[in-house]
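Bear in mind that the values in this text are calculations on the coordinates, not laboratory data. No experiment lies behind these values; they were computed from the predicted model shown. Note that each Cβ is placed from the backbone with ideal geometry, even for glycine, and that neighbours are counted across all protein chains shown.
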Amino acid sequence: LGNLSRETFNLISAKVKFLIIAIDGPSGVGKSTLSSLLADKLGGLYVDTGAMFRCLAWRWQQLDCPEDDDALRNLGLQTRIKMASNQIWCNSTEVSELIRSEQVSALSSHISKFSVIRDIMKQKQRELVEDVRNSGSFSGAVLEGRDIGTVILPNADIKFFVDADPEIRAQRRFDQLRQKGEEVEFDIILQALRERDAKDRNRSIAPLVPAEDAILVDTSNMKEQQVLNTMLQHIDKIK
Ligand code: DC
């Protein structure tokens, strides 16, 4: 405790609450950008859980894995995922760009419906939060995905469900891919997005639905900064 009295220390600790923020929503809604901006602003750890499913899907494809429970369990347990300084590593490969292809997007949605995979991901994601809470090096954690508020962290301090019209989300995705120099067609992007939405929303385990206590944010007609401010206002109320 150094020069701090136990009383002062307790007072400071009580004030600096470890804040857990859950952000769910469909693809292309801007969750990743919003979550990482929020984490930066609040000094929290940012966890992109979609990237974790994408790593599994990428490795599944590389290994040409069968679809049975044992093979999927091995895949889940033997895939080491590391996210640090804007880079994502899957075992010993840097996959930050590789996991963003349309093919991996579709495969990650497919692979995420299996309960063995979801159970392993749930454990890994909860461990991440506990590790960072115990390390004391962050003031909280911002996790984004599909089932964070409903399944992974039902006791999160605040939950957001971010949504936008499919056409608008497809346009954002189309622009991103075009910027990267990829030859893509808008209609194909929109169709893939609708298919992935349907799979994510209708699967039997951990479907994409807002938690009962989630704050709904429709970003269709909002600029990024507006969305961020709205979320920060809600967060301020519970701090
Ligand atoms: O957020 P994303 O588009 O990178 O996610 C890719 C896929 O991973 C998504 O279509 C469904 C799955 N996913 C999931 O099932 N649960 C999560 N918490 C995050 C992603």
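Where nothing but the Cβ of Lys and Arg (+1) and of Asp and Glu (-1) is charged, how large is the charge dipole of segment 37-193 around its Cα centre, in debye to the nearest 20?
With Lys and Arg at +1 and Asp and Glu at -1, about 480 debye.
Using 0.36 nm per residue of separation minus the Cα-Cα distance, give me the extension gain between L232 and Q123 in nm, one decimal.
Value of the extension gain: 36.4 nm.
Cα-Cα over 27 Å: which of K113/K223; K82/K180; K113/K180; K31/K180; K31/K239?
Values: K113/K223 32 Å; K82/K180 24 Å; K113/K180 29 Å; K31/K180 19 Å; K31/K239 21 Å.
Long pairs (Cα-Cα over 27 Å): K113/K223; K113/K180.
What is the distance, in nm, between label points placed 7 Å from the Cα along the Cα-to-Cβ direction at Q171 and at S115?
Here the answer is 4.2 nm between the modelled labels.
In the Gaussian network model of the chain, springs joining C-alpha atoms below 10 Å, which of A71, A106, A84 carries the largest mean-square fluctuation?
Taking springs between Cα atoms under 10 Å, the residue moving most is A84.
Want the number for Q61 to T33: 0.36 nm per residue separation, take away the alpha-carbon distance, what's left?
7.4 nm
From Cα coordinates alone, what are the radius of gyration and Dmax values for segment 39-121 in angstrom?
Reported Rg and Dmax, both Å: 12.9, 42.
Please compute the contact order of segment 90-189 in relative form: average sequence separation of alpha-carbon pairs under 8 Å and at least six residues apart, divided by the residue count, as a percent.
So the answer I get is 12 percent.
Efficiency by 1/(1 + (r/R0)^6): what FRET value for R201 and D40, r their Cβ-Cβ distance, R0 = 25 Å, to the nearest 0.05? Let's see the in-between values first.
Values: r = 30 Å, r/R0 = 1.19.
Using R0 = 25 Å, I get an efficiency of 0.25.
Among all stretches of the chain without exposed GluC sites (Glu not before Pro) (DSSP loop, at most 14 other Cβ atoms within 10 Å), which one is longest?
Working: sites that count: E67, E97, E182, E183, E185, E212.
Longest run free of exposed loop sites: 98-181.
Near the amide H of I88, under 5 Å away, which other amide H atoms are found, from residues 5 or more places off or on another chain, if H is placed in the peptide plane?
For I88, the qualifying residues are V95, S96.
At q = 0.10, 0.18 Å⁻¹, what is the log10 ratio I(q)/I(0) for the chain, with the Debye formula run over Cα points and no solvent?
Ignoring solvent entirely, the Cα scatterers give -0.49, -1.52.
Which three numbers, in whole Å and largest first, are the semi-axes of the equivalent ellipsoid of segment 125-185 derived from its Cα gyration tensor as √(5λ)?
After diagonalising the Cα gyration tensor, the semi-axes are 33, 16, 9 Å.
Considering the zone a paramagnetic label at V209 would reach in this model (a point 7 Å from Cα along the Cα-to-Cβ line), which residues of segment 98-137 have amide N under 14 Å from it?
It comes to no residues whatsoever.
Tell me the relative contact order for the chain as a rounded percent, counting alpha carbon contacts under 8 Å between residues six or more apart.
31 percent
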